Amino acid sequence: MITPARIVFEEDGKIFALRRYSEDLEDFSGDLLKKRVVDLKPSEKLSLFPYGPSAGGFTESIYFSILTSGEKIEAMNYDTSLKDRKISLSGKDILKALLITERINGIHSASYSSLFCDLMERSSGIEISQEIMDLRTLMMEMERISHHLFVAGRLSGGASQNIASMNIYLLREELLRITGQTFGHRYFFGINKPGGIGRDIDLSNIYEKLESIVTEYEEIYRTLMDSRIFIDRTDSTAIIRDEMAAGPVLRGFGKNMDGRLQHRYYNNLNVRISTGDSGDSLARYVVRSEEIFSSWEIVKKILDRNTRFNMVEEAKIDKIQGTGEKISGYMETPSGDLSMILSVRSGKINFFKYSSPSLWNLRVFADAMKGNNFADFYFGLESLGLCVSETGDIR
Amino acid sequence: MKAWFLRSFKKGIVTSSFPSGKNESLSPWATTPAGDISGEVNCPVDAIHNDKVDSGKCISCGICFPQFKPSLQIPQITTTRVEKSLSKSMKLYIFDSGTCGACNLEIMALNSPQYDMNRLGLSFTNTPRQADAIMVTGVLTDGMIDPLKAAIDSMASPKIVFAVGACAISGGIMGKSISEIVGLDVQVPGCPPDPFVIMAAIEKARGRI
Amino acid sequence: MNSLILFLIFVPGLFTAIISNRAGRITNLFYSILLILISIFFLLNAIKIGDFSSGYFHLKFTNTGAAFGVGIGVIWFIMAINKILARWMREREFLSYFIVLGIIGVLFSGNSITLIFFWEIFTLAASYSLGLYDKKYLLSSYVFLSIGELSTVLLILSAAIAYSSYGNFSFYGILHSQISEALWVSGFVVKAGIIPLQMSEWYSLSRSGIDSSRAILIGVMIPSISLYGIEFSVIGYHLYYLIPISLILIGSISMLFGSIFSSTSESPRVLAGYSTIENVGAMIILSGISAVSAYSGNYALSQFSMTALFIYVIMHGAGKSVILSSTSFYADSFNSKEWKSIGKGGLVVAAISMMGLIPLGGGIGEWMLLESLFIISLSGLSYLSVMAVFAGSMAALSAGISVISFTKFVSFLGVSIEDHPEGSGVKKSYSTGFILIVLSIIFPILFILLSIKVPGSPVFYSFLTGGTIFPGWAVIQSPGYGNTFGVVSPMLILAMAGIILIPLYLTMPRHFRKVKPWHGGLDIDRTYNSFNYSNPSRITFSKILPKIEDRKGEKYEDRNFDLIFGLMSALYVKYENMSRKIALKIMNGDTRRYVLYIMLTLMFALAVGELL
């Protein structure tokens, strides 16, 4: 099984690589992944369709240029650099760096901040309690449910299943409201702190609400799976079978791979991984839906163990001084595996690199769309669960 | 088919009556914190001055907690322009100039049944040429300067420019504000603003509240 | 007046273009009006045109010729307008006038050998002009030539068979032998591009790099003259039932496939080309009906369908010519100079001719076609009734599908226009007004003309109905049970044009806000035109469209709807290779010159043959 290198960087004449689902840097030998270069040359019969950066149908700014005969996509290129925020972390103190990391991808902020805090703790040898670990896992799983609901809503909306779409958005909004009420923030901003959490959290009354959301989604999912229209539109569109892919896209074509399987946060939680086999938009949708149910199983187990988390952090940020040694790690965000390398020296970040799942999914998507029907572009795109914000560069 | 119908009836009405009624929910940290500066408060974006919190700068990080606590009130929305002519119908164009994704989704949440923006005559449009208002989210990025200018240019008058979220208003912690190149008619504070806050801002800009 | 003198009046036009381009354009306008007037006066018995005969050369002007003369004149007139608006720099006036002259010659032909002579003249001139500008379009020229020559060969064979038994070249001889008449009619059918599933001529034409005025000549005028050939052959002489029945069958299949291919087309010219196939199919059905009903003694129905055919020829000619005017030099470019000069509103009106649902353009003809088929289906002749039901359902189906073509054409008009400069309103008003005026003049004149009774001449054959079909010019009366079509009538057309379109046009906003279309915010040059958009109708019909691209592996290849075109292309490649070898090894020259040399020799040989 290939475990592709997610981050490759050169230092002191040596090339290091961080592989997918790995916490250890290794010496890199082999061919570097080439920059994706696609020559789009319009001809008499093939024309260039520019889509974006700011256009209806996108949640975020991204630019696609599609070479098409009007029916079939012949080749495709993308550019995510337009909204690149050119985030710079080096020299920033840890608190600011954390706040920025939360906002690299706002809708996956729990995963980003959990990984960041985890690396911080490991860099200074801070032990965190099982409680904090559970809270982080809980937040990440709720985030996963919320994200997958959003993708399901977009995809079913794109396939003209507007009632289903609205029903799903309704559930997602309910989930966000519960999140807002219990965590203080709808997107988990400001909770994770190195060594602890930033505010008191009381989860005593979310069990029923979450359960009803998941049960309702299950009903919608079963009904949607009976819809010929929905199946016809998503079946065998945008088939991706590229091992470079991440997350549900990877599992959509039968790879039983998930960062949560090995991650210590998920020890004893028995993560149930579901896979598809056709690798099309429908398979990815099914994988996502099944993940909503498996995430709920995890959430249930955590809620059974604890319901109250007291604020623990304050002093611990100051403890992190760092030695300049590089710490690396990974986390399974709703979109796929996130890898991160950083180092801290005298309380400031001096090295930071990350590899986001959207970057890889976008790349394999652009290759996979070749030969697809032009009208299926949208289903392909929406089934990825793409977050353009996280594809940006870190300086 | 039948299943969807039955579902809809079973579900009943979930739509809020806001702005005529009260908002059902409000994410605590999407509201402006309030408190007193008794202890030392370390605000990463320098939004706190003498007990006063600049809502345009606040990024809802909660670091000022526990000295400052969420006010749980819809924050003060700065409007420099009110267009009553848009009070019956208004088309919105969402423009992402460099967000983390959260503000965009919060605006899009207005479409969900709980908010049902269509009842207020609001709808999203796919091109700024048909838009009455542009909702700019995120910090100013180099690549999106030209598209932003082009989008505002291609809108017909009267047009309203909304800056949604701390990034767009002040640049927050992430970068520069969009006010460097465009005038902001309405500032919607929050990181990200709660959908109810966005709705209140829209209603204020068209003179309905 | 002698028909030779009348014909010779048109000949000086050949040379005016040599004097100056402008003179050429004016000549076209002048002669087109002259042709219309002569034809109308002849139909009204106001002028008499005598026969001319010298050896085997025989000229004769008939009522059918005059009726089609009006249609051809209208097409010619619009082509002349297009020439004036577009001002082509590279026009070969001489060559295109040759085509027109050949076509007029066919209208005047009094026997088969004269007809074949003129037939060959315009075929060669057209095929040469197709391959004139660019070597890569030589293929389309070759395909056109091969189809044209196939038609000529069929006509010659038929004439030869008749000659062997009757000893002359009169039409009478040809049309009184089963084999010769079958060959004769198929000669015209081939030329109309109509053999089921074989639309090579149109396809090659729409791909080629000819300007729009020549596209009108080749794309609209040549099928009209082919229809003339079919109609005068089947109506004037009592043929065997089988031929008109197969015409109805061929026409209905062509209609269906023409409409499907038109709706799935990717360029405006292909769209117009296949839509022509569809309309020609309808016209062929009508000529089949007119023959069948004449043979069975139902002259009222025959007259009705002939009138429908006449209306169809003129309205299709006008509408399709205006549509082709909108395409520019190359088939793919849409946003051309003429495009802007014609104006969107006018094009929309013209495009209605593609659709048989609105009582403009082909609408009246379409309804009259369906009514004729209804009457035949109730006639009691069992196999004919079944055929009529089949043809009627095909026609109705294709009328429905042609709505897609219409919608596609009209909705795509707006997409490719980049700017809306404020000043364009004035120019637009001129050209939109032009189309509206042309249509609103043609309709009343047409119906008034058709309602006139010419004393002394038989009603049947004269194309003038004497008020039996359009009593009082107001309604259409069915020959079946004498009922009218209600408000669907020429008067409604006038009401449509006058009451709806003109006020709409007058109240149209004159000022447009200057904004570019939203391109996503980046100034990126888009190379697609609206025809490149995803094509849902092609996806819908994908099962019945033969696709060559699939056989060529991954790479996107040209989509050839037409299997025979594919065969022809393959043959051409072989032919080209062979002739290149011959040219290099034997003649040591250029292949193009060699082909040209063959064409000229053939033309010369025919001319010499005529003189002898």
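The values are calculated or read from the model by the stated rules, or taken from the named source; none is laboratory data. Given the structure is predicted, the values throughout are model-derived calculations rather than measurements. FYI the Cβ positions are ideal-geometry reconstructions off the backbone, even for glycines, and counts take in every protein chain you see. For accessibility, only protein heavy atoms count, side chains too; no ligands or nucleic acids. Shrake-Rupley method; radii C 1.70, N 1.55, O 1.52, S 1.80 Å.
Pick from A:F352, A:F377, A:F365: which is surrounded by 22 or more Cβ atoms within 10 Å (Cβ to Cβ), within 14 Å of chain C (Cβ to nearest Cβ) and either acidic (D, E) or in contact with a strand residue (DSSP E or B) (Cβ under 9 Å, 6 or more places away or on another chain) (or both)?
Details: A:F352 fails: within 14 Å of chain C (Cβ to nearest Cβ); A:F365 fails: within 14 Å of chain C (Cβ to nearest Cβ).
Matching residue, one of A:F352, A:F377, A:F365: A:F377.
Residues of region A:152-167 that are touching a Lys or Arg at 6+ places or on another chain (Cβ under 9 Å), more than 9 Å from every other protein chain (Cβ to nearest Cβ) and assigned to a helix (DSSP H, G or I): A:A152, A:L155, A:G158, A:S165. Filter region B:71-105 for residues that are part of a helix (DSSP H, G or I) and open to solvent by 40 Å² or more (accessible area, probe 1.4 Å); which is nearest to B:T32 (Cα to Cα)? For region B:71-105, the residue satisfying everything is B:K84. All told, A:I240 meets the bar of being in contact with a Leu (Cβ under 9 Å, 6 or more places away or on another chain) and in a loop (DSSP other than H, G, I, E, B). Scan region A:72-92 for residues that are facing another protein chain (nearest Cβ under 8 Å) and open to solvent by 10 Å² or more (accessible area, probe 1.4 Å) and the total you get is 8.
Checked against (1) more than 14 Å from every other protein chain (Cβ to nearest Cβ); (2) open to solvent by less than 10 Å² (accessible area, probe 1.4 Å); (3) of a type in the set (S, T, Y), A:S123 passes all but condition (2). Mind checking which residues of region C:362-393 are among the polar types (S, T, N, Q) and modelled with pLDDT of 85 or more? Within region C:362-393, C:S372, C:S377, C:S385, C:S393 qualify.
Criterion first (free of Cβ contacts under 8 Å to residues at least 40 places away in the same chain, within 25 Å of B:K204 (Cβ to Cβ) and open to solvent by 40 Å² or more (accessible area, probe 1.4 Å)) does B:S20 satisfy it? Spelling it out, B:S20 is indeed free of Cβ contacts under 8 Å to residues at least 40 places away in the same chain, within 25 Å of B:K204 (Cβ to Cβ) and open to solvent by 40 Å² or more (accessible area, probe 1.4 Å). Checking each residue of region A:322-340 against the condition of being free of Cβ contacts under 8 Å to residues at least 60 places away in the same chain, outside any strand (DSSP E or B) and surrounded by fewer than 23 Cβ atoms within 10 Å (Cβ to Cβ) gives at least one match.
Being touching a residue at least 24 places away in the same chain (Cβ under 8 Å) and either more than 12 Å from every other protein chain (Cβ to nearest Cβ) or on the phi < 0 side of the Ramachandran plot (or both) is a description that does not apply to A:R186. Within region A:152-163, the residues that satisfy the criterion of being under 21 Å from the mean Cα position of the chain (by Cα) and crowded, with 24+ Cβ neighbours inside 10 Å are A:A152, A:G153, A:L155, A:S156.
Taking the criterion of being of a type in the set (D, E, K, R), over 23 Å from B:M117 (Cβ atoms) and part of a loop (DSSP other than H, G, I, E, B), the residues of region B:16-62 that qualify are B:D36, B:E40, B:D46, B:D51, B:D54, B:K57.
Which of the strands (runs of 3 or more DSSP E) contained wholly in region B:108-197 include at least 3 residues that are open to solvent by less than 30 Å² (accessible area, probe 1.4 Å) and on the phi < 0 side of the Ramachandran plot?
Details: elements: B:122-124, B:133-138, B:160-164, B:186-188.
Because the criterion is at least 3 residues that are open to solvent by less than 30 Å² (accessible area, probe 1.4 Å) and on the phi < 0 side of the Ramachandran plot, the strands (runs of 3 or more DSSP E) in region B:108-197 that meet it are B:133-138, B:160-164.
Taking each residue of region A:285-310 that is in contact (Cβ under 8 Å) with a residue 24 or more places away in the chain and looking for partners that are open to solvent by 10 Å² or more (accessible area, probe 1.4 Å) and among the polar types (S, T, N, Q) with beta-carbon atoms closer than 6 Å, six or more apart or interchain, yields A:V287/A:S274; A:T307/A:S204.
This table checks each residue for (1) within 14 Å of chain B (Cβ to nearest Cβ); (2) modelled with pLDDT of 80 or more.
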site: A:E23; (1), (2): no, yes
site: A:G30; (1), (2): no, no
site: A:Y51; (1), (2): yes, yes
site: A:S65; (1), (2): no, yes
site: A:G70; (1), (2): no, no
site: A:I94; (1), (2): yes, yes
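Hey, can you tell me all the residues within region A:2-14 that are open to solvent by less than 70 Å² (accessible area, probe 1.4 Å) and either assigned to a loop (DSSP other than H, G, I, E, B) or at pLDDT 90 or above (or both)? Listed by number, the residues that qualify are A:T3, A:P4, A:G13. So which residues in region B:1-29 are at the interface with another protein chain (Cβ under 7 Å from one of its Cβ atoms) and in contact with a Pro (Cβ under 8 Å, 6 or more places away or on another chain)? Residues satisfying the conditions are B:V14, B:P28, B:W29. The residue that is farthest from the other protein chains (Cβ to nearest Cβ), counting only those in region B:64-115 that are of a type in the set (A, V, I, L, M, F, W, C) and more than 18 Å from B:G165 (Cα to Cα), is B:V82.
Here C:G273 does not fit the description of being farther than 19 Å from C:V313 by Cα and at pLDDT below 85.
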